[in-house]
Amino acid sequence: MEWGNYSMYADFVLLGLFSNTRFPWLLFVLIFLVFVISIASNTIMIILIHMDSHLHTPMYFLLSQLSIMDILYISTIVPKMLVDQMVGQRAISFAGCTAQHFLYLTLAGAEFFLLGLMSYDCYVAICNPLRYPVLMSRKICLLIVVAAWLGGSIDGFLLTPVTMQFLFCASREINHFFCEVPALLKLSCVDTSAYETAMYVCCIMMLLIPFSVISASYTRILLTVYRMSEAEGRRKAVATCSSHMVVVSLFYGAAMYTYVLPHSYHTPEQDKAVSAFYTILTPLLNPLIYSLRNKDVTGALQKALGRCLSPGR
(Lines give C-alpha, C1' and ligand atoms only; values in the text may rest on other atoms or scores of the structure.)
Protein backbone atom coordinates (compact mmCIF):
# COMPACT_ATOMS: atom_id res chain seq x y z
CA MET A 1 0.00 0.00 0.00
CA GLU A 2 1.58 3.31 -1.08
CA TRP A 3 0.68 7.00 -0.97
CA GLY A 4 3.22 9.14 -2.87
CA ASN A 5 6.48 8.89 -0.92
CA TYR A 6 4.88 6.94 1.93
CA SER A 7 4.51 3.17 2.08
CA MET A 8 3.35 0.41 4.38
CA TYR A 9 4.50 -3.22 4.60
CA ALA A 10 7.73 -2.54 2.66
CA ASP A 11 11.12 -3.78 3.85
CA PHE A 12 13.18 -1.85 6.39
CA VAL A 13 16.97 -1.42 6.32
CA LEU A 14 18.93 -1.97 9.54
CA LEU A 15 22.07 0.19 9.51
CA GLY A 16 23.50 -2.17 12.12
CA LEU A 17 26.12 -2.11 14.82
CA PHE A 18 29.11 -2.56 12.50
CA SER A 19 28.65 0.43 10.18
CA ASN A 20 30.76 2.98 12.07
CA THR A 21 33.50 0.74 13.44
CA ARG A 22 37.02 0.55 12.01
CA PHE A 23 37.28 -3.20 12.55
CA PRO A 24 33.82 -4.68 11.78
CA TRP A 25 35.04 -8.28 11.58
CA LEU A 26 36.74 -8.08 14.95
CA LEU A 27 33.47 -6.85 16.46
CA PHE A 28 31.66 -9.61 14.55
CA VAL A 29 33.91 -12.29 16.07
CA LEU A 30 33.51 -10.85 19.58
CA ILE A 31 29.71 -10.76 19.33
CA PHE A 32 29.65 -14.27 17.88
CA LEU A 33 31.73 -15.55 20.80
CA VAL A 34 29.50 -13.73 23.29
CA PHE A 35 26.44 -15.28 21.64
CA VAL A 36 27.85 -18.82 21.73
CA ILE A 37 29.06 -18.52 25.34
CA SER A 38 25.73 -16.99 26.39
CA ILE A 39 23.69 -19.81 24.83
CA ALA A 40 26.05 -22.46 26.25
CA SER A 41 26.22 -21.02 29.78
CA ASN A 42 22.46 -20.53 30.05
CA THR A 43 21.82 -24.02 28.68
CA ILE A 44 24.29 -25.51 31.19
CA MET A 45 22.52 -23.59 33.96
CA ILE A 46 19.16 -25.07 32.96
CA ILE A 47 20.59 -28.61 32.71
CA LEU A 48 22.33 -28.38 36.10
CA ILE A 49 19.18 -27.11 37.80
CA HIS A 50 17.17 -29.92 36.22
CA MET A 51 19.66 -32.71 37.01
CA ASP A 52 20.94 -31.83 40.50
CA SER A 53 18.43 -32.53 43.26
CA HIS A 54 20.11 -29.97 45.53
CA LEU A 55 19.04 -27.28 43.07
CA HIS A 56 15.36 -28.28 43.07
CA THR A 57 14.38 -25.21 45.08
CA PRO A 58 12.20 -22.17 44.26
CA MET A 59 15.20 -19.88 43.74
CA TYR A 60 16.81 -22.14 41.17
CA PHE A 61 13.50 -22.82 39.46
CA LEU A 62 13.17 -19.06 38.92
CA LEU A 63 16.80 -18.91 37.76
CA SER A 64 16.08 -21.59 35.16
CA GLN A 65 13.23 -19.44 33.82
CA LEU A 66 15.59 -16.45 33.68
CA SER A 67 18.03 -18.55 31.63
CA ILE A 68 15.25 -19.57 29.22
CA MET A 69 14.31 -15.91 28.76
CA ASP A 70 17.95 -14.97 28.16
CA ILE A 71 18.38 -17.68 25.50
CA LEU A 72 15.26 -16.54 23.65
CA TYR A 73 16.12 -12.88 24.18
CA ILE A 74 19.58 -12.96 22.62
CA SER A 75 18.40 -15.36 19.87
CA THR A 76 15.76 -12.84 18.78
CA ILE A 77 18.37 -10.23 17.82
CA VAL A 78 21.94 -11.50 17.44
CA PRO A 79 21.61 -14.26 14.77
CA LYS A 80 19.92 -11.87 12.32
CA MET A 81 22.61 -9.24 12.94
CA LEU A 82 25.47 -11.73 12.42
CA VAL A 83 23.95 -13.27 9.28
CA ASP A 84 23.41 -9.81 7.76
CA GLN A 85 27.07 -8.96 8.37
CA MET A 86 28.21 -12.23 6.78
CA VAL A 87 26.09 -12.05 3.62
CA GLY A 88 26.31 -8.28 3.26
CA GLN A 89 22.60 -7.51 3.44
CA ARG A 90 20.76 -5.31 5.91
CA ALA A 91 17.12 -5.62 4.87
CA ILE A 92 14.43 -6.91 7.18
CA SER A 93 10.86 -7.47 6.04
CA PHE A 94 7.92 -5.69 7.61
CA ALA A 95 6.70 -9.02 9.03
CA GLY A 96 10.18 -9.87 10.32
CA CYS A 97 10.55 -6.47 11.95
CA THR A 98 7.11 -6.82 13.56
CA ALA A 99 7.95 -10.30 14.89
CA GLN A 100 11.34 -9.14 16.23
CA HIS A 101 9.71 -6.09 17.83
CA PHE A 102 7.04 -8.23 19.52
CA LEU A 103 9.45 -10.87 20.80
CA TYR A 104 11.89 -8.27 22.10
CA LEU A 105 9.16 -6.41 24.03
CA THR A 106 7.66 -9.64 25.38
CA LEU A 107 10.96 -11.15 26.55
CA ALA A 108 12.34 -7.90 27.96
CA GLY A 109 9.06 -7.25 29.80
CA ALA A 110 8.97 -10.81 31.13
CA GLU A 111 12.52 -10.45 32.44
CA PHE A 112 11.65 -7.15 34.13
CA PHE A 113 8.76 -8.75 35.98
CA LEU A 114 10.67 -11.94 36.83
CA LEU A 115 13.61 -10.01 38.31
CA GLY A 116 11.15 -7.97 40.35
CA LEU A 117 9.34 -11.04 41.64
CA MET A 118 12.62 -12.84 42.39
CA SER A 119 13.30 -10.21 45.04
CA TYR A 120 10.27 -11.60 46.88
CA ASP A 121 12.06 -14.95 47.04
CA CYS A 122 15.10 -13.25 48.63
CA TYR A 123 12.85 -11.45 51.09
CA VAL A 124 11.10 -14.63 52.23
CA ALA A 125 14.39 -16.58 52.46
CA ILE A 126 15.96 -14.01 54.79
CA CYS A 127 13.04 -12.42 56.63
CA ASN A 128 10.72 -15.44 56.96
CA PRO A 129 12.94 -18.53 56.65
CA LEU A 130 10.66 -20.76 58.75
CA ARG A 131 7.69 -20.00 56.49
CA TYR A 132 9.71 -20.29 53.27
CA PRO A 133 8.25 -23.68 52.19
CA VAL A 134 4.72 -22.23 52.51
CA LEU A 135 5.32 -18.73 51.11
CA MET A 136 7.38 -20.09 48.19
CA SER A 137 5.45 -23.27 47.45
CA ARG A 138 5.46 -24.85 44.00
CA LYS A 139 2.10 -23.24 43.25
CA ILE A 140 3.39 -19.76 44.12
CA CYS A 141 6.53 -20.32 42.03
CA LEU A 142 4.38 -21.25 39.05
CA LEU A 143 2.21 -18.17 39.62
CA ILE A 144 5.33 -15.98 39.67
CA VAL A 145 6.54 -17.42 36.37
CA VAL A 146 3.12 -17.16 34.72
CA ALA A 147 2.76 -13.56 35.95
CA ALA A 148 6.16 -12.67 34.49
CA TRP A 149 5.42 -14.21 31.08
CA LEU A 150 1.90 -12.76 31.05
CA GLY A 151 3.16 -9.26 31.93
CA GLY A 152 5.72 -9.39 29.12
CA SER A 153 3.15 -10.70 26.63
CA ILE A 154 0.72 -7.90 27.47
CA ASP A 155 3.49 -5.38 26.80
CA GLY A 156 4.21 -6.96 23.42
CA PHE A 157 0.56 -7.26 22.39
CA LEU A 158 -0.21 -3.66 23.40
CA LEU A 159 2.76 -1.82 21.89
CA THR A 160 3.59 -3.82 18.76
CA PRO A 161 0.34 -3.26 16.79
CA VAL A 162 0.33 0.46 17.57
CA THR A 163 4.00 0.96 16.69
CA MET A 164 3.78 -0.92 13.39
CA GLN A 165 0.56 0.77 12.20
CA PHE A 166 2.27 4.15 11.79
CA LEU A 167 3.08 5.42 8.32
CA PHE A 168 6.84 5.20 7.73
CA CYS A 169 8.86 7.40 5.39
CA ALA A 170 10.28 6.14 2.12
CA SER A 171 13.90 5.82 3.30
CA ARG A 172 12.94 3.24 5.96
CA GLU A 173 16.52 3.12 7.26
CA ILE A 174 16.57 2.16 10.95
CA ASN A 175 19.69 3.55 12.60
CA HIS A 176 19.96 0.54 14.87
CA PHE A 177 20.81 -3.16 14.78
CA PHE A 178 17.28 -4.37 15.51
CA CYS A 179 13.70 -3.08 15.41
CA GLU A 180 13.62 -1.18 18.69
CA VAL A 181 10.70 1.16 19.39
CA PRO A 182 12.51 4.54 19.61
CA ALA A 183 14.48 3.88 16.41
CA LEU A 184 11.31 2.88 14.54
CA LEU A 185 9.34 5.92 15.66
CA LYS A 186 12.02 8.22 14.23
CA LEU A 187 11.02 6.98 10.75
CA SER A 188 7.35 7.85 11.12
CA CYS A 189 5.95 10.45 8.76
CA VAL A 190 3.15 11.36 11.16
CA ASP A 191 3.09 12.90 14.61
CA THR A 192 3.82 10.20 17.22
CA SER A 193 4.13 12.49 20.25
CA ALA A 194 0.88 11.29 21.86
CA TYR A 195 1.91 7.66 21.45
CA GLU A 196 5.41 8.37 22.74
CA THR A 197 3.90 9.97 25.84
CA ALA A 198 1.61 6.96 26.36
CA MET A 199 4.51 4.56 25.82
CA TYR A 200 6.64 6.59 28.25
CA VAL A 201 3.92 6.23 30.93
CA CYS A 202 3.60 2.52 30.13
CA CYS A 203 7.37 1.99 30.46
CA ILE A 204 7.45 3.94 33.71
CA MET A 205 4.70 1.67 35.07
CA MET A 206 6.48 -1.46 33.85
CA LEU A 207 9.63 -0.35 35.59
CA LEU A 208 7.92 1.12 38.62
CA ILE A 209 5.83 -1.93 39.57
CA PRO A 210 8.72 -4.46 39.78
CA PHE A 211 11.08 -1.77 41.09
CA SER A 212 8.61 -1.07 43.93
CA VAL A 213 8.57 -4.78 44.79
CA ILE A 214 12.38 -4.84 44.70
CA SER A 215 12.68 -1.70 46.85
CA ALA A 216 10.20 -2.95 49.44
CA SER A 217 11.83 -6.39 49.58
CA TYR A 218 15.37 -5.10 49.96
CA THR A 219 14.35 -2.50 52.52
CA ARG A 220 12.99 -5.30 54.70
CA ILE A 221 16.06 -7.42 53.95
CA LEU A 222 18.48 -4.65 54.96
CA LEU A 223 16.57 -4.06 58.19
CA THR A 224 16.65 -7.78 58.99
CA VAL A 225 20.37 -8.03 58.19
CA TYR A 226 21.09 -4.97 60.33
CA ARG A 227 19.38 -6.61 63.31
CA MET A 228 21.33 -9.85 62.97
CA SER A 229 23.81 -10.33 65.80
CA GLU A 230 26.03 -12.92 64.09
CA ALA A 231 28.50 -11.85 61.40
CA GLU A 232 28.13 -15.25 59.70
CA GLY A 233 24.38 -14.76 59.40
CA ARG A 234 24.89 -11.35 57.83
CA ARG A 235 27.41 -12.75 55.35
CA LYS A 236 25.06 -15.54 54.25
CA ALA A 237 22.15 -13.11 53.91
CA VAL A 238 24.16 -10.73 51.75
CA ALA A 239 25.51 -13.63 49.64
CA THR A 240 21.96 -14.88 49.05
CA CYS A 241 20.82 -11.65 47.38
CA SER A 242 23.97 -9.94 46.12
CA SER A 243 23.88 -11.69 42.72
CA HIS A 244 20.28 -10.66 42.22
CA MET A 245 21.09 -7.05 43.12
CA VAL A 246 23.93 -6.96 40.56
CA VAL A 247 21.72 -8.33 37.75
CA VAL A 248 18.86 -5.95 38.61
CA SER A 249 21.21 -2.96 38.63
CA LEU A 250 22.61 -3.83 35.20
CA PHE A 251 19.30 -4.59 33.49
CA TYR A 252 17.19 -1.84 35.02
CA GLY A 253 19.91 0.79 34.64
CA ALA A 254 20.21 0.21 30.89
CA ALA A 255 16.42 0.13 30.45
CA MET A 256 15.95 3.39 32.35
CA TYR A 257 18.49 5.08 30.09
CA THR A 258 16.70 3.91 26.94
CA TYR A 259 13.07 4.41 27.90
CA VAL A 260 12.99 6.91 30.77
CA LEU A 261 15.78 9.40 30.05
CA PRO A 262 14.51 12.19 27.71
CA HIS A 263 15.48 11.78 24.04
CA SER A 264 17.41 15.07 24.09
CA TYR A 265 20.07 13.29 26.17
CA HIS A 266 20.44 10.46 23.64
CA THR A 267 22.51 10.04 20.50
CA PRO A 268 22.05 7.15 18.02
CA GLU A 269 25.49 5.76 18.83
CA GLN A 270 24.85 5.88 22.57
CA ASP A 271 21.48 4.18 22.06
CA LYS A 272 23.09 1.36 20.10
CA ALA A 273 25.85 0.93 22.69
CA VAL A 274 23.37 0.73 25.59
CA SER A 275 21.06 -1.57 23.63
CA ALA A 276 24.02 -3.84 22.83
CA PHE A 277 24.79 -3.99 26.54
CA TYR A 278 21.36 -5.21 27.68
CA THR A 279 20.51 -7.34 24.63
CA ILE A 280 23.91 -8.98 24.04
CA LEU A 281 26.01 -8.74 27.20
CA THR A 282 23.32 -9.13 29.89
CA PRO A 283 22.30 -12.66 28.78
CA LEU A 284 26.00 -13.56 29.04
CA LEU A 285 26.53 -11.93 32.43
CA ASN A 286 23.43 -13.31 34.16
CA PRO A 287 24.47 -17.00 34.33
CA LEU A 288 28.09 -16.05 35.09
CA ILE A 289 27.07 -13.80 37.98
CA TYR A 290 24.72 -16.39 39.46
CA SER A 291 27.11 -19.32 38.96
CA LEU A 292 30.45 -17.79 39.93
CA ARG A 293 28.98 -16.27 43.09
CA ASN A 294 27.03 -19.38 44.06
CA LYS A 295 28.65 -22.38 45.73
CA ASP A 296 25.65 -24.64 45.05
CA VAL A 297 25.88 -24.07 41.29
CA THR A 298 29.67 -24.45 41.16
CA GLY A 299 29.37 -27.61 43.27
CA ALA A 300 26.73 -29.05 40.92
CA LEU A 301 28.94 -28.22 37.93
CA GLN A 302 31.95 -29.94 39.51
CA LYS A 303 29.89 -33.06 40.21
CA ALA A 304 28.55 -33.10 36.65
CA LEU A 305 32.05 -32.73 35.21
CA GLY A 306 33.26 -35.43 37.56
CA ARG A 307 30.60 -37.84 36.24
CA CYS A 308 31.52 -37.01 32.64
CA LEU A 309 35.26 -37.43 33.18
CA SER A 310 35.04 -40.54 35.38
CA PRO A 311 36.22 -43.53 33.29
CA GLY A 312 33.84 -45.93 35.01
CA ARG A 313 30.65 -43.96 34.19
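The values are calculated or read from the model by the stated rules, or taken from the named source; none is laboratory data. Computed from a prediction, not measured in an experiment: that's the story for all the values here. Cβ sites come from the backbone with ideal geometry, for glycine too, and all protein chains shown count toward neighbours. The protein model used for the area step is the full one, side chains on, heavy atoms only, and it has no ligands, DNA or RNA in it. Shrake-Rupley method; radii C 1.70, N 1.55, O 1.52, S 1.80 Å.
Some observations on this one:
- Area projected by the alpha carbon convex hull of the chain, averaged over all directions, nm²: 19.7
- Helix axis angle, 138-164 relative to the chain longest principal axis, alpha carbon, degrees: 10
- The calculated FRET efficiency for the pair L15 and L281, based on their C-beta separation and a Förster distance of 22 Å, comes to about 0.60.
- Expected 222 nm ellipticity per residue - DSSP helices of 4 or more, -39500 (n - 2.57), all of the chain, to 500: -25000 deg cm²/dmol
- Among the protein heavy atoms, those of W149 account for about 70 Å² of accessible surface (1.4 Å probe, every chain in place).
- Distance-filtered residues of region 55-83 - backbone nitrogen under 18 Å, label point 7 angstrom along A304 Cα→Cβ: 55-72
- In the context of the full set of protein chains, region 143-250 has a per residue accessible area of 50 Å² (1.4 Å probe).
- Between L167 and M256, the FRET efficiency estimated from the beta carbon spacing at R0 = 41 angstrom works out to 0.85.
- Reducing region 38-116 and region 136-180 to their Cα centroids gives an inter-centroid distance of 13 Å.
- Residue-level accessible surface for L107, protein heavy atoms, 1.4 Å, Å²: 10
- Cα-based reach from K295 at 29 Å (exclusive), listing lysines while leaving out same-chain residues under 8 positions away: K139, K236, K303
- For the set M86, M69, the ranking by accessible area, highest first and with no ligand, DNA or RNA atoms included, is M86, M69 under a 1.4 Å probe.
- Segment I37-A91, extension gain: residue separation times 0.36 nm, minus the distance between their alpha carbons: 16.7 nm
- Share of pairwise Cα separations in region 1-128, more than 17 Å, in percent: 69
- Spin-label pair T267/R131, simplified geometry with 7 Å Cα→Cβ offset, distance in nm: 5.3
- Distance between the pseudo-spin-label points of L82 and A147 (7 Å out from Cα toward the beta carbon): 3.6 nm.
- With both labels modelled 7 Å from their Cα along Cα-to-Cβ, the I204 to K139 distance reads 3.8 nm.
- In degrees, nearest ten, helix 94-127 long axis to first principal axis of the chain (Cα): 20
- Accessible surface of the chain [probe 1.4 Å, protein heavy atoms]: carbon and sulfur percent: 69
- Using 0.36 nm per residue and subtracting the Cα-Cα separation, the extra length available between N175 and V190 on full extension is 3.6 nm.
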